[in-house]
Amino acid sequence: MRSLSFLIFILTTCSLSAQSEFLHGNADRIEAFLQQHFNDSKYGMVIGLVDEHGTRFFSSGSLDNGTEKLVNEHTIFEMGSVTKVFTSLLLLDAIQRGEVNLDDPVEDYLPEGVAVPTYRGIKITLLNLAVQDSGLPWNTPQQAALLKPESGQPDLKAFKESAASFTVENLYEFLSTYELQQEPGARFQYSNIGMALLGHAIERATGIDYEKLVIDRICRPLGMTDTRFTLSAEQKVRLAYGHMVDETKAEFWKLQAMQPAGGLLTTADDLMKLLSANLGLSKTPLTPLMKQTHVIHHDESTQFGRTAMPWFDNGVYNPPGSNLLGHAGGGAGTVAFTAFDTANRRGVVVLTNQMKVYPNPVGWTLIQEMPFTRSNTSYAVRQVVGVGIGFRKDKLTGELRIIRVYPQSPAGKAGLSVDAIVTRIDDTSVEKIDLLECMRLMSGDADTPVRLRMRDDEGIEKNVKLIRRPFLTRS
């Protein structure tokens, strides 16, 4: 009996240890982080973790919806572009039902007379829309101008209004006038327009509106009772109001044609069920389809890193033995983030109704199992290939001065310091070339050399040879 009791004690201890590694290892730091930023605040944040041992939620702050309620895993938030995950999954479900084919041109599902742009005769397919390599832009030119105006300050309120007023007729009009700049399938280009078009095509192919498709084909099988566009009276009491950077309340999305690109509402609890199914932690007929959405289609995007359907890894560091994918959404009063590790079968959700403390680096840090420190929760840890030098080009003198050296990079290990001046990169003088060209000369594949001619403040010159290597940084 003593031996049996000892064995049970050992097994229990091992189980608790395994749980504590992901679900409990950062609990104190997460709670302190949330209290620091959201205690007694009119906005809040919810963090959810899931692995084979179960789920755990952390939260702090307010809904600011006229009640005294605090945010928790049942608080309803706008999820923004995480909606795209549902749209791509609906496509695979429609294929399984025999309603559409992956390689069908999207024009097959639009009214006669609606022109869809082509590139040298190559048509946009449903697959192109789902993996976002159709060649369609991120937003319409009018919407893009609101996000990147000449003043440099994005007008998010006006962008929301523009997106809300965008109808199916506007979508058809845009398609008839837009000219593709690349062949469909050539490379990744994040596209709200493309995902809206995909959702509309699925609606027309099935004869069912988008919200009903999401509820009947995804939410109901997964037990997700709070993910939808239209809320009941009880659900509205749990709805968190978003806040802009200046802390003013934000208007809710009221999208029309753009619904499939970013309009769904959800809770952390519902998104945990979605991630559990993606990871195979819960038994669901959707899991085989979800695994198809994890397949990487492109890896050339500087901003999004490896991209799937429509998951991506943002170019963050994938620790050895991991395979990370995620998706973020929001950006105008609320922000949502989801990520999971298919190799270690764990996931994270971060939902917030403010824009000062961004959830993306928080979520990536947790799923990477990096130290939950102030710097890591402000900037995601990335792995890049290079020598680890930041430059500034003086427009008057043409001098290329080092302004940053990453500590663990080849330049950092070689003892290079800031303020030194680089006069040549390999055989090219930097005096008459711009900063962009200098950076191009510095880039290259791992394990390849770059030669620098350098001058310090005392005028002493020397040659330095560095080998480009992978190193970790934050951005």
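The values are calculated or read from the model by the stated rules, or taken from the named source; none is laboratory data. These numbers were taken from a predicted model, which means no experiment stands behind them. Cβ sites come from the backbone with ideal geometry, for glycine too, and all protein chains shown count toward neighbours. With ligands, DNA and RNA removed, areas are computed over all heavy atoms of the protein, side chains included. Shrake-Rupley method; radii C 1.70, N 1.55, O 1.52, S 1.80 Å.
Checking (1) 80, 73, 44; (2) 67, 59, 43; (3) 87, 55, 43 against Cα extents along the principal axes in Å calculated from these atoms, the matching label is (1).
With the highest mean first, a sort of the peptides 394-405, 189-200 on other beta-carbon atoms found within 10 angstrom per residue produces 189-200, 394-405. Summed over the residues of the chain and divided among them, the accessible surface reaches 47 Å² per residue at a probe radius of 1.4 Å. The label point for Arg401 and the one for Arg97, both projected 7 Å from the Cα toward the Cβ, are 6.3 nm apart.
For region 267-367, carbon and sulfur atoms together expose 51% of the accessible surface, with a 1.4 angstrom probe and every protein chain in place. Rounded to the nearest whole angstrom, the semi-axes of the ellipsoid equivalent to region 186-254, taken from the Cα gyration tensor as √(5λ), stand at 26, 22, 11, largest first. Taking 27 Å as the limit for the C-alpha separation, the pairs Lys157/Lys273; Lys69/Lys249; Lys42/Lys283 exceed it in the case of Lys157/Lys273; Lys42/Lys283.
For the chain, the relative contact order works out to 15 percent when only alpha carbon pairs closer than 8 Å and six or more residues apart are counted. Heavy atoms only, probe 1.4 Å: what % of the accessible area of region 205-247 goes to carbon and sulfur, would you let me know? On region 205-247, the fraction of accessible area on carbon and sulfur atoms equals 54 percent.
List the lysines whose Cα lies under 23 Å from the Cα of Lys432, skipping any in the same chain that are fewer than 8 positions away. Here the lysines satisfying the reach criterion relative to Lys432 are Lys393, Lys395, Lys462, Lys465.
Rounded to the nearest 500 deg cm²/dmol, what is the calculated helix-only ellipticity per residue at 222 nm for the chain, with -39500 (n - 2.57) per DSSP H run of length n ≥ 4?
Working: 16 runs with 144 residues, N = 475.
My calculation for the chain gives -8500 deg cm²/dmol from helical runs alone.
Using only side-chain charges placed at the Cβ, +1 for Lys and Arg and -1 for Asp and Glu, the dipole size of the chain relative to its Cα centre rounds to 1140 debye. Projecting the Cα atoms of Gln354, Pro449, Asn463 onto the charge dipole of region 340-475 (Cβ charges, centred on the Cα centre) puts Gln354 farthest toward the positive pole. Farthest toward the positive end of the dipole of the chain, out of Thr365, Ile215, Leu91, is the Cα of Thr365, where the dipole comes from beta carbon charges about the Cα centre. Assuming charge only on the beta carbon of Lys and Arg (+1) and of Asp and Glu (-1), the dipole of region 335-430 about its Cα centre is about 240 debye to the nearest 20. Placing +1 on the Cβ of every Lys and Arg and -1 on the Cβ of every Asp and Glu, with nothing else charged, gives region 69-194 a dipole about its Cα centre of roughly 420 debye. The Cα-based radius of gyration of region 341-475, divided by its Kirkwood radius, gives an Rg/Rh of 1.09.
Of the peptides 73-86, 110-123, the order by per-residue mean of other Cβ atoms within 10 Å, starting with the highest, comes out as 73-86, 110-123.
Between Gln153 and Lys236, residue separation times 0.36 nm minus the direct Cα-Cα distance comes to 26.7 nm.
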